Amino acid sequence: KLLNADFGAMDVALWTFKLVASSLVLALAYLALTSLCSALVPQPGVALIVNIIVLFVLWAVGVYGEVFRFPGEVADSALEQLGVGPSESWRAYLRYVSVWHFRHDLLHPYWHRFVTAGLIHVGFALVFLGLAQLALRRRDL
């Protein structure tokens, strides 16, 4: 309160809730991915290596998709308007394949973006857990 006149206990409670909720859904998505890798590969050491490779591939796909602009999207900077920088491509849609793309909105000040990003992370977790369940059923039957 001494350093910030706008400090309020409600703000602290709100940001604490957002940090805990975003940490939980972020961890849920990546733990579900780890479960999928463990279900696909029976050896624990190999499953760990596969998990690290899949994490890297998800990150790379997200970053690769963010390099491009969507078709019809206007260039932001003067360099892009001159043709230097990212171009329009359908590959911009690849950013939505990766859970990595939605990480920034988990701490967004607007609630609708925060909740949407949280639900997307839960959706990725459900997809990963569903695939893990399918792999386990196939292997055990």
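With the contact rule set at Cα under 8 Å and sequence spacing of 6 or more, what percent relative contact order holds for the chain? Working shown, then result.
Values: 139 pairs, mean separation 45.0, N = 141.
Value for the chain: 32 percent.
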Alpha carbon centre of the range 105-127 versus the range 1-35: separation in Å?
13 Å
Considering only protein heavy atoms and a probe of 1.4 Å, how much of the accessible area of the chain is carbon and sulfur, as a whole percent?
72 percent
Quick check: from the Cα gyration tensor, does the chain come out rounded (a/c under 1.5), prolate or oblate?
oblate
Dipole of the chain (Lys/Arg Cβ +1, Asp/Glu Cβ -1, origin at the Cα centre): which of H121, Q133, L33 lies farthest to the positive side?
Q133
Treating only the Cβ of Lys, Arg, Asp and Glu as charged (+1, +1, -1, -1), what charge dipole size does the chain show about its Cα centre? Round to the nearest 20 debye.
520 debye
Accessible-area value, E66, 1.4 Å probe, nucleic acids and ligands omitted, Å²
70 Å²
Full extension from A13 to L31: what is 0.36 nm times the residue separation minus their Cα-Cα distance, to one decimal in nm?
3.8 nm
Just to verify a number: FRET efficiency for R138 and L24, C-beta to C-beta distance, R0 = 30 Å, to 0.05?
0.50
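Taking only protein heavy atoms and a 1.4 Å probe, what accessible area per residue, in Å², does the chain have with all protein chains in place? Don't skip to the end; give the middle numbers.
On the way: 9640 Å² over 141 residues.
Normalised by residue count, the accessible surface of the chain is 68 Å².
When the helices in the chain are scored as -39500 (n - 2.57) per DSSP H run of 4 or longer and the sum is shared across all residues, what 222 nm value do you end up with, to the nearest 500 deg cm²/dmol? Intermediate results must be reported in sequence, preceding the final value.
Working: 4 runs with 90 residues, N = 141.
It lands at -22500 deg cm²/dmol.
The values are calculated or read from the model by the stated rules, or taken from the named source; none is laboratory data. These numbers were taken from a predicted model, which means no experiment stands behind them. Cβ coordinates were reconstructed from backbone atoms using ideal geometry, including for glycine residues, and neighbour counts include every protein chain displayed. Ligands, DNA and RNA are stripped out before the accessible areas are found, and what is left, the full protein with its side chains, is counted by its heavy atoms. Shrake-Rupley method; radii C 1.70, N 1.55, O 1.52, S 1.80 Å.
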